[in-house]
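*Asks:* Below is a structure I'd like to ask you about.
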Amino acid sequence: MLINMQKTASRVDIAAVLDQLSKQGIDAQVVRQAESAVVIVANGSSGDNVRSLSGSPGVDKVLDIDQPFKLASRQARHESTIVNVSGVKIGGSDIVVMAGPCSVESREQILATAVAVKKMGAKILRGGAYKPRTSPYEFQGLGVTALELLREARELTGLPIVTEVMGTDDVDLVCKYADMLQIGARNMQNFALLRRLATCGKPVMLKRSPAATVREWLLAAEYLLVGGNADVVLCERGVRGFERETRNTLDVNAIALAKQLSHLPVIADPSHATGRRELVAPAAKAAIGAGADGLLIEVHPNPDSALSDGTQSLKFNEFDDLMHSLREPMRRLA
């Protein structure tokens, strides 16, 4: 259950509610969101005991939440959350496209890509500075050099930057450069990283693990919300199945389900989901049809020479064709 406090609730009001819960043997945790405070009541508490606090000073309302992900649940917040990434709003009426290379490889590559994708309608530039690779012998990213090149690309084009952070030690550094931090699929349940990014002060994109259920995905998001970061974007990037012709399987069901269960915006990554550039466009359209609020697309000036994920990266003309085709769906592409 949740106890929503009024915006005018004082520290004394909040302390009194916590004291009443404690006297009843109920553990609770306070999470501050914007100008209000939410008291989260632990599972297993007596509903009647908690509901009796609805008339207490400073209490706005008491909510019954039957989902384990309480703050992420649409029961807790009926209206959809809109996440603002340096002026780009994700979760509203417009489909937001984030595009760029899997890895930042050179100044020429990232600047050319940034200029091209902006011209074609992308609103956010993606690019990997640190790359979690299955093999230790594969390209691991340029690190700080890549972050500096991403900053230069932002200064050139005005596009906000999203890039992945791989560990708690890198958070402060990446925050100096990025407008939104990405938690990769392999780190979805890296709880130390989730807790750290809950306090980073930047929007976070949370990718779903290829073996995670939707519930596990939303519970991972709950770590960010309960830690105080309300600016969370969910990203469906495909699950691992028995199909071998594609890299993963885009879980279109999960997009629609997450939108029903949660108020958080949901985007799709058809590049990682399919692993094949000729399938990116149809998968992207399917994701939008399922209700996705945006797309994360890999684009490279010369995919055949890319140091990572070239087979799933679109060429400039292919990305342009995709962007033109997206202007016809249900929602307007700004």
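The values are calculated or read from the model by the stated rules, or taken from the named source; none is laboratory data. Since the model is a prediction, treat every value here as computed from it, not as a measurement. Neighbour counts are summed over all protein chains in view; Cβ atoms, including those assigned to glycine, are modelled from backbone coordinates with ideal geometry.
*Asks:* Among residues belonging to segment 87-105 that are more than 15 Å from the chain's Cα centre (by Cα) and part of a loop (DSSP other than H, G, I, E, B), point out the one that is modelled with the lowest pLDDT.
*Replies:* Per the stated criteria, the residue is Ser93.
*Asks:* For segment 296-309, which positions are of a type outside the set (A, V, I, L, M, F, W, C) and over 13 Å from Val280 (Cβ atoms)?
*Replies:* Residues satisfying the conditions are Pro301, Asn302, Asp304, Ser305, Ser308.
*Asks:* A further question on this structure: Are there any pairs, at least 6 apart or on different chains, whose C-beta atoms fall under 7 Å, with the first in segment 8-21 and β-branched (Val, Ile, Thr) and the second surrounded by 12 or more Cβ atoms within 10 Å (Cβ to Cβ) and in a helix (DSSP H, G or I), and if so, which?
*Replies:* From residues that are β-branched (Val, Ile, Thr), the pairs are Val17/Leu53.
*Asks:* For segment 147-183, name all the residues that are among the charged types (D, E, K, R) and touching a residue at least 60 places away in the same chain (Cβ under 8 Å). Break it down into steps so the answer makes sense when it comes.
*Replies:* First, pick out the residues of segment 147-183 that are among the charged types (D, E, K, R): 148, 151-152, 154-155, 164, 169-170, 172, 176, 179.
If the condition is that a residue be among the charged types (D, E, K, R) and touching a residue at least 60 places away in the same chain (Cβ under 8 Å), then Asp179 is the only one that fits.
*Asks:* Give me the residue from segment 173-194 that is polar (S, T, N, Q) and outside any strand (DSSP E or B) and, out of that set, surrounded by the most Cβ atoms within 10 Å (Cβ to Cβ). Quick ask: steps written out before the conclusion?
*Replies:* Restricting attention to segment 173-194, the residues satisfying the condition of being polar (S, T, N, Q) are 182, 187, 189-190.
Next cut, outside any strand (DSSP E or B) only: 187, 189-190.
Values: Asn187: 22, Gln189: 15, Asn190: 18.
Step by step, filter segment 173-194, then rank; the result is Asn187.
*Asks:* Got a sec? Which of Val85, Val96, Val115, Val59 is among the β-branched types (Val, Ile, Thr) and buried (at least 23 other Cβ atoms within 10 Å of the Cβ)?
*Replies:* Numbers: Val85 fails: buried (at least 23 other Cβ atoms within 10 Å of the Cβ); Val115 fails: buried (at least 23 other Cβ atoms within 10 Å of the Cβ); Val59 fails: buried (at least 23 other Cβ atoms within 10 Å of the Cβ).
Answer to the selection: Val96.
*Asks:* Take segment 99-112 and flag every residue that is over 21 Å from Leu173 (Cα atoms) and surrounded by fewer than 24 Cβ atoms within 10 Å (Cβ to Cβ).
*Replies:* Those that are over 21 Å from Leu173 (Cα atoms) and surrounded by fewer than 24 Cβ atoms within 10 Å (Cβ to Cβ): Glu108, Gln109, Leu111, Ala112.
*Asks:* If you check Glu108, Glu138, which single one turns out to be at pLDDT below 95, in the same structural domain as Leu181 (by TED's automatic domain parsing) and among the charged types (D, E, K, R)? Quick ask: steps written out before the conclusion?
*Replies:* Values: Glu108 fails: at pLDDT below 95.
Being at pLDDT below 95, in the same structural domain as Leu181 (by TED's automatic domain parsing) and among the charged types (D, E, K, R) holds for just one of Glu108, Glu138, which is Glu138.
*Asks:* Give me the pairs, please: first residue somewhere in segment 250-272 and assigned by TED's automatic domain parsing to the domain that holds Thr213, second residue anywhere and surrounded by 19 or more Cβ atoms within 10 Å (Cβ to Cβ) and among the aromatic types (Phe, Trp, Tyr), beta-carbon distance under 8 Å, and either six or more positions apart or on two chains.
*Replies:* Correct list of pairs: Ala254/Trp217; Ala258/Trp217; Leu261/Phe69; Ser262/Phe69.
*Asks:* In segment 118-132, what residues are surrounded by 18 or more Cβ atoms within 10 Å (Cβ to Cβ) and within 23 Å of Ala185 (Cβ to Cβ)?
*Replies:* Residues of segment 118-132 surrounded by 18 or more Cβ atoms within 10 Å (Cβ to Cβ): 118, 120-131.
Result: Ala122, Lys123, Ile124, Leu125, Arg126, Gly127, Gly128, Ala129, Tyr130, Lys131.
*Asks:* For Ser73, which of the numbered conditions (1) outside the structural domain of Ile124 (by TED's automatic domain parsing); (2) among the polar types (S, T, N, Q); (3) surrounded by fewer than 17 Cβ atoms within 10 Å (Cβ to Cβ) fails to hold?
*Replies:* Only one criterion in (1) outside the structural domain of Ile124 (by TED's automatic domain parsing); (2) among the polar types (S, T, N, Q); (3) surrounded by fewer than 17 Cβ atoms within 10 Å (Cβ to Cβ) is unmet by Ser73, namely (3).
*Asks:* Now a separate question. Before we move on, is Val233 at pLDDT 95 or above, in the same structural domain as Gly275 (by TED's automatic domain parsing) and among the aliphatic types (A, V, I, L, M)?
*Replies:* Details: at pLDDT 95 or above: yes; in the same structural domain as Gly275 (by TED's automatic domain parsing): yes; among the aliphatic types (A, V, I, L, M): yes.
Yes.
*Asks:* In segment 217-231, is there at least one residue being at positive phi, in contact with a strand residue (DSSP E or B) (Cβ under 7 Å, 6 or more places away or on another chain) and of a type in the set (Gly, Ala, Ser)?
*Replies:* yes
*Asks:* Applying the selection to segment 275-323, what residues are surrounded by fewer than 18 Cβ atoms within 10 Å (Cβ to Cβ), under 14 Å from Arg247 (Cα atoms), touching a Pro at 6+ places or on another chain (Cβ under 9 Å) and among the small types (Gly, Ala, Ser)?
*Replies:* Gly310, the sole residue that qualifies.
*Asks:* Further question: Taking the conditions exactly as written (of a type in the set (Val, Ile, Thr) and within 13 Å of the chain's Cα centre (by Cα)), does Val226 satisfy them or not? Steps first, please.
*Replies:* On the way: of a type in the set (Val, Ile, Thr): yes; within 13 Å of the chain's Cα centre (by Cα): no.
Judged against the criteria, Val226 is not a match.
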